[in-house]
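Written below as structure tokens is the structure these notes are about.
The values are calculated or read from the model by the stated rules, or taken from the named source; none is laboratory data. Fair warning: this is a prediction, and the values are worked out from it, not measured in the lab. No Cβ is skipped: glycine too gets one built from the backbone with ideal geometry, and neighbour counts run over all protein chains shown. Remember, those area values only see protein heavy atoms, side chains included, never the ligands or the DNA or RNA. Shrake-Rupley method; radii C 1.70, N 1.55, O 1.52, S 1.80 Å.
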Amino acid sequence: TVEGRESLQKLYHLLEAKGFQALMEGVALLLDLCKTSPQLISTNIVQIYYYFVLRINDTHKKVKQQALEVLAEMIGLLEDVLNPVMIRLVGGITKNLNSKDPGVHAAA
């Protein structure tokens, strides 16, 4: 639908933004879309992953921590939908297990 495409464009724009606030907003929007439009997310999971993985490995600790926390919720909400990207997601999560930041480490 047009609304779905617009939501995805907004999501992609926010997830690749330069500013901290926009990145945080993008991660929050992804969680909201997982809850309200799971079919839209499942249909586009590979492309969404391309943008979202950048936030899991973000240089800003708060963005990274929020992305990891959202990922934990996404796994519960989407379950098998994540299968096409699960191996790559595990790689992104594993990198964060060595984080010296307690919030990032706990989220991973």
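Considering only residues that are in a helix (DSSP H, G or I) and among the charged types (D, E, K, R), look in segment 1-23 and name the one that is nearest to LYS64 (Cα to Cα).
This residue is LYS10.
Six or more apart or on different chains, Cβ atoms under 9 Å: show the pairs whose first residue is in segment 33-62 and within 19 Å of GLU16 (Cβ to Cβ) and of a type outside the set (Lys, Arg) and whose second is part of a loop (DSSP other than H, G, I, E, B) and open to solvent by less than 80 Å² (accessible area, probe 1.4 Å).
From segment 33-62, the pairs are ILE56/ALA108.
Before we move on, is GLY26 part of a helix (DSSP H, G or I), out of contact with any helix residue (DSSP H, G or I) (no Cβ under 8 Å at 6 or more places or on another chain) and of a type outside the set (Phe, Trp, Tyr)?
No; evaluated as a whole, the condition is false for this residue.
Just the residues that are among the polar types (S, T, N, Q) and either part of a helix (DSSP H, G or I) or surrounded by 14 or more Cβ atoms within 10 Å (Cβ to Cβ) (or both), please, taken from segment 64-108.
Selection gives GLN65, GLN66, ASN83, THR94, ASN96, SER99.
Where residues in segment 1-28 are crowded, with 17+ Cβ neighbours inside 10 Å and among the hydrophobic types (A, V, I, L, M, F, W, C), which of them is nearest to ILE93 (Cα to Cα)?
Only one residue fits best here, namely VAL27.
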